[in-house]
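**Q** Sharing a structure here in structure tokens format.
The values are calculated or read from the model by the stated rules, or taken from the named source; none is laboratory data. Fair warning: this is a prediction, and the values are worked out from it, not measured in the lab. Cβ atoms come from the backbone with ideal geometry, glycine included; neighbour counts cover every protein chain shown. Note: accessible area is taken over every heavy atom of the protein model, side chains too, but ligands, DNA and RNA are not part of it. Shrake-Rupley method; radii C 1.70, N 1.55, O 1.52, S 1.80 Å.
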Amino acid sequence: KNEVEQSPQNLTAQEGEFITINCSYSVGISALHWLQQHPGGGIVSLFMLSSGKKKHGRLIATINIQEKHSSLHITASHPRDSAVYICAVNTGNQFYFGTGTSLTVIP
Amino acid sequence: DAGITQSPRYKITETGRQVTLMCHQTWSHSYMFWYRQDLGHGLRLIYYSAAADITDKGEVPDGYVVSRSKTENFPLTLESATRSQTSVYFCATRSSRVGYTFGSGTRLTVV
């Protein structure tokens with residue numbers, strides 16, 4: 001069983017749509033991270049959060065500690081948002097990654 | 001330039017050879033990590049280090065050796081490369097302030 005589960009695995013959206021990617025985890029965590037990886041590219045950290053909600057531009061990340069669940073929202077999606085989005089958690093010195101959600105935004 | 005640097009970017013090596021992947025950070029982030037990324041598996045942790053001279057195994061450590069004599073460097077060595085170690089390798093640091101920062105990756109092919 002994976003400690004971090006993401007859904008959906010693959011997502012195709014039309015430009016302008018509101019997108020939600022979900023992450024559920026089974027361990028107590030110190031922090032949860034959302035990462036972005038463009039095709040053939042490096043990995044960029046989008047958010048680190050341990051409670052509540054964070055917003056950066058069109059991206060919003062929320063976390064519910066009691067439900068062990070986080071969501072990444074993208075408003076007004078754009079083709080440049082096409083990437084793999086990875087959820088990761090750490091608990092003490094243990095680190096767990098989801099397998100990622102592949103997002104394709106069609107013009 | 002400030003940041004995290006991996007070298008080489010690309011490497012082809014033969015089965016049985018020893019190869020070392022380098023990782024250097026210009027900050028003083030305590031935590032450093034080595035991950036491999038393969039299709040269908042996502043990122044898998046090989047080794048991590050919480051500080052200089054402190055290293056711990058991750059999920060897939062077999063066949064790899066790390067060291068961290070200085071805070072800024074965290075080399076990963078494949079002692080005797082195998083074809084199953086063909087992968088993209090990412091080094092990363094983590095700080096409580098900014099979270100993860102990843103290197104650009106090293107694409108290793110073992111033939």
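**Q** Considering only DSSP beta bridges with both partners in chain B, what is the antiparallel share in %, to the nearest 5?
**A** Just about 90 percent of them are antiparallel.
**Q** Let me ask something else about it. Search the structure for amide H atoms under 5 Å from the amide H of B:Ser104, placed 1.01 Å from N in the peptide plane, and list their residues when 5 or more places away or on another chain.
**A** Result for B:Ser104 returns B:Gln6.
**Q** Determine ³J(HN,Hα), in whole Hz, for all residues of segment B:67-79 in sequence, where each value follows from phi through the Karplus function 6.51 cos²θ - 1.76 cosθ + 1.60 and θ = phi - 60°; x replaces Gly and Pro.
**A** Running phi through 6.51 cos²θ - 1.76 cosθ + 1.60 with θ = phi - 60° gives 8, 8, 6, 10, 4, 7, 10, 8, x, 10, 10, 9, 5 Hz.
**Q** Nearest 20 debye, what's the magnitude of the dipole of segment B:50-97 about its Cα centre given +1 on Lys and Arg Cβ and -1 on Asp and Glu Cβ?
**A** Magnitude of the dipole: close to 200 debye.
**Q** Here's something else I'd like to know. Mind listing the phi-derived Karplus ³J(HN,Hα) values for segment A:72-84, rounded to whole Hz, using 6.51, -1.76 and 1.60 with θ = phi - 60°, and x for any glycine or proline?
**A** My calculation for segment A:72-84 gives 10, 10, 10, 8, 6, 4, 9, x, 6, 7, 4, 5, 9 Hz in order.
**Q** Right, another one. Report D for chain A in µm² per second (integer): Stokes-Einstein, Kirkwood Rh on Cα pairs, 25 °C, 0.890 mPa s. Don't jump to the answer; show the numbers that get you there.
**A** Values: Rh = 13.8 Å.
Calculated translational D: 178 µm²/s.
**Q** Under a straight-distance cross-link criterion of Cα-Cα below 12 Å, which aspartates and glutamates are reachable from B:Lys70, leaving out those fewer than 8 residues away in the same chain?
**A** B:Asp53
**Q** Would you check the accessible area of A:His38, probe 1.4 Å, heavy atoms only, in square angstrom rounded to 10?
**A** Surface open to solvent at A:His38 totals about 70 Å².
**Q** Now for a separate question. Taking N as the number of residues in chain B, what is its alpha-carbon radius of gyration divided by 2.2 N^0.38 Å?
**A** Against the empirical 2.2 N^0.38 Å value, I get 0.99 for chain B.
**Q** May I pose another question? Loop-only check: which trypsin sites (Lys or Arg not before Pro) in segment B:45-102 are DSSP coil with at most 11 other Cβ within 10 angstrom?
**A** Sparse-neighbourhood loop trypsin sites (Lys or Arg not before Pro): B:Lys70, B:Arg97.
**Q** Dipole magnitude of chain B about its Cα centre, charges +1 at Lys/Arg Cβ and -1 at Asp/Glu Cβ only, in debye to the nearest 20?
**A** Dipole of chain B, to the nearest 20 debye: 180 debye.
**Q** Considering every pair of different Cα atoms, what Kirkwood radius, in Å, is found for the protein assembly as shown?
**A** Values: mean 1/r = 0.0559 Å⁻¹.
One over the average 1/r among Cα pairs gives 17.9 Å for the protein assembly as shown.
**Q** Moving to a separate point now. Might you report the magnitude of the Cβ-based charge dipole of the protein assembly as shown about its Cα centre, with Lys and Arg at +1 and Asp and Glu at -1, to the nearest 20 debye?
**A** Charge dipole, the protein assembly as shown, about its Cα centre: 260 debye, nearest 20.
**Q** Under a straight-distance cross-link criterion of Cα-Cα below 16 Å, which aspartates and glutamates are reachable from B:Lys57, leaving out those fewer than 8 residues away in the same chain?
**A** B:Glu79
**Q** Let me ask you something else. For B:Asp56, A:Asp81, write out the residues from largest to smallest accessible area, computed with a 1.4 angstrom probe and no ligands counted.
**A** Ranking B:Asp56, A:Asp81 by accessible area, largest first, yields B:Asp56, A:Asp81.
**Q** With a cut-off of at most 14 other beta carbons within 10 Å, and DSSP calling the residue loop, which trypsin sites (Lys or Arg not before Pro) in segment A:4-72 qualify? Please list them. Can you show the working numbers first?
**A** Working: sites: A:Lys53, A:Lys54, A:Lys55, A:Arg58, A:Lys68; in loops: A:Arg58, A:Lys68.
The qualifying sites are A:Arg58.
**Q** Collect residues whose amide H, placed 1.01 Å from N in the peptide plane, falls under 5 Å from the amide H of A:Thr99; neighbours closer than 5 in sequence don't count.
**A** So A:Thr99 has HN proximity to A:Gln6.
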